[in-house]
């Protein structure tokens, strides 16, 4: 619903800080997914280390 939209928008803006996932440079989907997982892990780590 609408109340959670800001959560999605915030998360997308956090992901946009990572150049490797902003534009898909990798040919293999597995490599792109690994970059996405790494970026998400860094985001979660920084979120809980505030």
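Each reported figure results from applying straightforward, stated rules to the coordinates on display, with no laboratory input. Note that the coordinates shown come from a computational prediction; the quantities given were computed from them, not determined experimentally. Quick reminder, even Gly has a Cβ in these numbers, built from the backbone with ideal geometry, and neighbours come from all protein chains shown.
Below are the figures for this structure:
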item: Where a residue in segment 21-50 is without any contact (Cβ under 8 Å) to a residue 60 or more places away in the chain and its partner, wherever it lies, is in a loop (DSSP other than H, G, I, E, B), with Cβ under 6 Å and at least six apart; result: 22/16; 32/24; 32/26; 39/18
item: Residues within segment 20-46 that are loosely packed, with under 10 Cβ neighbours inside 10 Å and part of a helix (DSSP H, G or I), tallied; result: 3
